[in-house]
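What follows is one structure encoded as structure tokens, with my remarks underneath.
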Amino acid sequence: MNLSCILLDEPSSAFAGVFTNNRFCGAPILIGRRRIRAERVRAVLINNRVANVGAPGGVEDAEALCDALGALISEPGESIIPASTGIIGWKLPVREMRDALPQLVKGLHRDGALPLARSIMTTDSYPKIHMVEVGEGRILGVAKGAGMIEPHMGTMLVFIMTDIRMQREQLNRCLSGCVDKTFNRISVDGDQSTSDMALLICSAAKPQVAEEDFRAALQTVCAGLAEDVVRNGEGVGHVIKVDVAGAADEYLAAAAGKAVVNSPLVKTAVFGNDPNVGRIVSALGDFADTVGCTLDLNKLRVSLGGVEIFADGCFELDTEKEVRLNRYLEQCAIDPAARGFPAHDRQVVLEIDLGAGQGRAEVLGADLSYQYVKENADYRS
């Protein structure tokens, strides 16, 4: 287990957070929902390896660790937000963690976020950090996440820090909006985690900027972290970007994109570099039936890698086109078993026009490889 801490120089009253909607959530989520309504926050205490979900006395254990850290930094435990990630059902080793806190506090530094990004990793193969300058300040975010990625808030653990002075209500608006368009539109395996958390904390050391400028910079950071989470997903061999247009509204566009990237048949075809594009249209037809929306095949248009594959109610395929699509998929592939930073940032791009309105959304997903099954089958073995 690694312990990490984000410590502000001074307590802050400007902070925001979003948490998983999974009804079987962890003790840190229950505590975090209370803390996010408090007057101030001073620190975040993070551990990996054990998620503290459903364990006896989990809330009391997390509160005790916050109190112990608070005593070391002269702060009440109520000003500290706990965050945990790892195996569900295990109990935190509270005594060992408490004994490690003095060394953790002693080792805090200002030299950069890379040690934090590394320490919160579990099955991640590389650390995820993104930073954008705006005005006289910066927005810096770190994230972890590789499996159980189907967020309905933020994703796994995301910690975003800024020195730009912004009001609390502005931070809440910006974070909620950016999470909805980034983390809530990615999927690796369709499983929503019990421990998803995204926090945004402001030190207010630098002058304020216009809210729209702050939001744009924050969205850039969130989008970068979200794509990193997908590319670093367990056993991922291809990142799939689905750009859906022509939906009745933005919500349906995002839902249609998720239906495609979460289809096991689409995922496995992409993993095999097989342009079996009938699976894409089949997934859209299944989605339309499930949600009860109209899908006019005569208006539907689908392209893969810029090559149109479906239009005017039928497929547009031939041998030459399928060979070209096979090569395109091969060029977008990464080694599912590779560790460390990925070899490239290419994506399998799917463009879908439903021909039913002005709604549009972009969704990121991943294929399904042998390595994903092996990694999750062997996770505790």
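Just so you know, all these numbers are worked out from the coordinates, no wet-lab data involved. Quick caveat: nothing in here was measured; it's all calculated off a predicted structure. Here the Cβ is made from the backbone with ideal geometry for all residues, glycine too, and neighbour counts use every protein chain on show.
Just add up the charged neighbours of SER263: K/R +1, D/E -1, any other residue whose Cβ is under 14 Å from the Cβ of SER263. Walk me through the numbers before you get to the answer.
Working: positive: LYS258, LYS267, ARG279; negative: GLU150, ASP189, ASP274, ASP286, ASP289, ASP367.
The answer is -3.
If the convex hull of the alpha-carbon atoms of region 14-76 is projected onto planes in all directions, what is the mean projected area in square nanometres?
Numbers: hull surface 18.9 nm².
Orientation-averaged projected area of the Cα hull: 4.7 nm².
Report, for the chain, the % of DSSP beta bridges that are antiparallel, rounded to 5. The partial results should precede the final answer.
Details: 40 of 60 bridges.
Close to 65 percent.
What pairs from LYS181/LYS267; LYS91/LYS258; LYS181/LYS299; LYS144/LYS206; LYS91/LYS181 go past 31 Å between their alpha carbons?
On the way: LYS181/LYS267 22 Å; LYS91/LYS258 34 Å; LYS181/LYS299 26 Å; LYS144/LYS206 27 Å; LYS91/LYS181 34 Å.
Pairs exceeding the cut-off: LYS91/LYS258; LYS91/LYS181.
Each label point is 7 Å from the Cα along the Cα-to-Cβ direction; what then is the distance between the points at LEU114 and ASP249, in nm?
The two pseudo-label positions are separated by 4.6 nm.
Which residues make up the longest stretch of the chain clear of GluC sites (Glu not before Pro) that lie in a DSSP loop with no more than 15 other Cβ atoms within 10 Å, not counting the sites?
Details: sites that count: GLU39, GLU136, GLU316.
Answer - 137-315.
If the chain between ARG168 and ASP345 were fully stretched, how many nm would it gain, using 0.36 nm times the residue separation less the Cα-Cα distance? The partial results should precede the final answer.
Working: separation 177, 0.36 × 177 = 63.72 nm, distance 3.48 nm.
Roughly 60.2 nm would be gained on extension.
In whole Å, what are the extents of the chain along the principal axes defined by its C-alpha atoms, from largest to smallest?
Principal axes ranked by extent give 70, 50, 37 Å for the Cα atoms.
Hey, what did region 3-231 get for relative contact order, percent, Cα under 8 Å, at least 6 apart? Don't skip to the end; give the middle numbers.
Numbers: 533 pairs, mean separation 57.8, N = 229.
It rounds to 25 percent for region 3-231.
Quick check on the chain: helices-only [θ] at 222 nm, where DSSP H runs of length 4 and up contribute -39,500 (n - 2.57) each and the sum goes over total residues. Nearest 500, please. Please list the in-between numbers first.
Details: 11 runs with 135 residues, N = 381.
Dividing the helical sum by the residues of the chain leaves -11000 deg cm²/dmol.
Have a look at ASP124, ASP196, ASP318 and tell me which one the Gaussian network model of the chain (Cα, springs below 10 Å) gives the largest fluctuation.
ASP318
Let me know the longest stretch in the chain that avoids all chymotrypsin sites (Phe, Trp or Tyr not before Pro) found in a DSSP loop with at most 15 other C-beta atoms within 10 Å.
Numbers: sites that count: PHE24, TYR379.
Answer from the scan: 25-378.
On a full-extension model of 0.36 nm per residue, what is the gain between ARG37 and GLU330, subtracting their alpha-carbon distance, rounded to one decimal in nm? All intermediate terms of the calculation are to be shown ahead of the outcome.
Details: separation 293, 0.36 × 293 = 105.48 nm, distance 4.86 nm.
That pair, ARG37 and GLU330, stretches by 100.6 nm at full extension.
Would any residue of region 40-61 have its amide N under 20 Å from a label point 7 Å out along Cα→Cβ of SER203? List them or say none.
40-46, by backbone N distance to the label point.
So if a site counts as exposed when it's one of the trypsin sites (Lys or Arg not before Pro), its DSSP state isn't H, G, I, E or B, and it has at most 10 other Cβ atoms within 10 Å, what's the longest stretch of the chain without one?
Values: sites that count: ARG23, ARG37, ARG110, ARG339, ARG380.
Formally, the longest exposed-site-free interval is 111-338.
What number comes out for the charge environment of ASN21, summing +1 per Lys or Arg and -1 per Asp or Glu over other residues with Cβ under 14 Å away? Kindly include the intermediate steps, with their values, before the conclusion.
On the way: positive: ARG23, ARG33; negative: GLU150, ASP180, ASP191, ASP196.
Residues near ASN21 contribute -2 overall.
For region 239-377, give the share of DSSP beta bridges that are antiparallel, in percent and rounded to the nearest 5; count only bridges with both residues there. Write out the running numbers ahead of the final one.
Values: 16 of 22 bridges.
DSSP beta bridges in region 239-377 are roughly 75 percent antiparallel.
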